1. Round to the nearest 10 and give me the degree value, 0 to 90, for the angle of helix 2-61's Cα axis relative to the longest principal axis of the chain.
2. Please report, in debye to the nearest 20, how large the charge dipole of segment 1-144 is about its Cα centre when each Lys and Arg carries +1 at its beta carbon and each Asp and Glu carries -1 there.
3. Just tell me which lysines come within less than 27 Å, Cα to Cα, of LYS216; anything on the same chain fewer than 8 places away is out.
4. What ranking, highest mean first, results for peptides 205-213, 42-50 when packing means the other Cβ atoms within 10 Å averaged over each residue?
5. With the contact rule set at Cα under 8 Å and sequence spacing of 6 or more, what percent relative contact order holds for the chain?
6. How large is the Rg to Rh ratio of the chain when both quantities use alpha carbon positions and Rh follows Kirkwood?
7. Can you bin segment 110-153 into rounded, prolate or oblate? Criterion: square roots of the alpha carbon gyration tensor eigenvalues sorted a ≥ b ≥ c, rounded for a/c under 1.5, prolate for a/b above b/c, oblate for the rest.
8. Against the globular-protein guess of 2.2 N^0.38 Å, express the Cα radius of gyration of segment 98-206 as a ratio, rounded to two decimals.
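What follows is calculated from the coordinates using simple rules that are stated; it is not laboratory data. Keep in mind it's a predicted model, so treat the numbers as computed, not measured. Backbone-built Cβ (ideal geometry, glycine too); neighbour counts: all protein chains shown.
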Amino acid sequence: MEEELTSKLAEQDKESREALSQTRRHLLLIGLAAFAAVCIGASLLIGLGLAPLRRLSDAVSQISEKDFHLHYDGPPPPSEVEPIIERLKQTLAMLQRAFDREKQATSDISHELRTPLAAMLTTLEVSLRKPRNAEEYRETLAECRDLVKQMTQLVERLLTLTWLDSRSDRIRNEAVDAGDVADQCAALVRPLARANGLKLEIHKDSPVRLTTDPDKLREVIANLMHNAIEYNRPAGSVDVSVRPAGTGLDLEVRDTGIGIAPEHRDRIFERFYRADPSRQATGLHAGLGLAIVRGYVELMGGTISVESEPGRGSTFRVRIPSAEIATSS
Ligand code: ADP
């Protein structure tokens, strides 16, 4: 009886052990299956979530110096990625504009240099075709010298713009009388005004003293006066007024010239921009003067604006504040 009980108990113990180990196996299998399902599910979800970034990466790798467009194809990006794409597109558009400007500048510079270089080559070739006398050689040399001067002026203007861009053109402030500077500029351009039959007048009531860079101020006034003469009409006039504006300067250069059409007005301060294409062939007007004028005016902390009526004339207005002189203690 006791033996029978012991064997039954042993059998039950064996059965329950087997059931336990089976349950353990099942639990292990379920655990493994659940882990596998979580892994697959998670990688599917991550894959799905990363798909827009993968498409973005593909689109970015297609960008080259020939194509600055971001070709993001497929379904619309999720809201988290959208601002990144927008920012990228803005940056690319900015890069494209800078790249186009560089290309345009290279082509403009080549074009500007080609005209005087071709003229010089022709002059020299014609001169060398047969022996000439001393006077003829002198004429050839004088022609070549004028062309070289023209190219030097262009290169100097380009260098000025490069310095302005790189901010390596420093301001050298000192106390100046703007009226005196205007008189000096007028003395420089008066022979040209006279040759063109124009009246040039400086209007100033009292000395306009301010602290600024006299060389840059001279360049600004001389350029504006020069243009007012160049783009004038026979028997026209140029009136320059120099007045104080607070502690600064209010300069006005008014001409009775050809004027500037509204569609050109905003663009004349751009590099190489010329409103009158017929002057392009001369090589004398490279369209850099006003770009330098604006650069200098801004460097002096001022503003420049233009009012114009086609056929009646233009008025350029410049305001320059007086700079603070740094005092050493
Ligand atoms: P440019 O060397 O051609 O004179 P600027 O930069 O000085 O170059 O001027 C750019 C363009 O603006 C000129 O080509 C001309 O078309 C126009 N412009 C400048 N000043 C005047 C003016 N006073 N009257 C009419 N047009 C002007």
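1. Approximately 10 degrees, to the nearest ten.
2. 660
3. Cross-link targets: LYS149, LYS199, LYS204.
4. In decreasing order of mean packing, 205-213, 42-50 become 205-213, 42-50.
5. Dividing the mean separation by the residue count of the chain yields 13 percent.
6. Answer for the chain: 1.45.
7. oblate
8. For segment 98-206, the normalised Cα radius of gyration comes out at 1.56.
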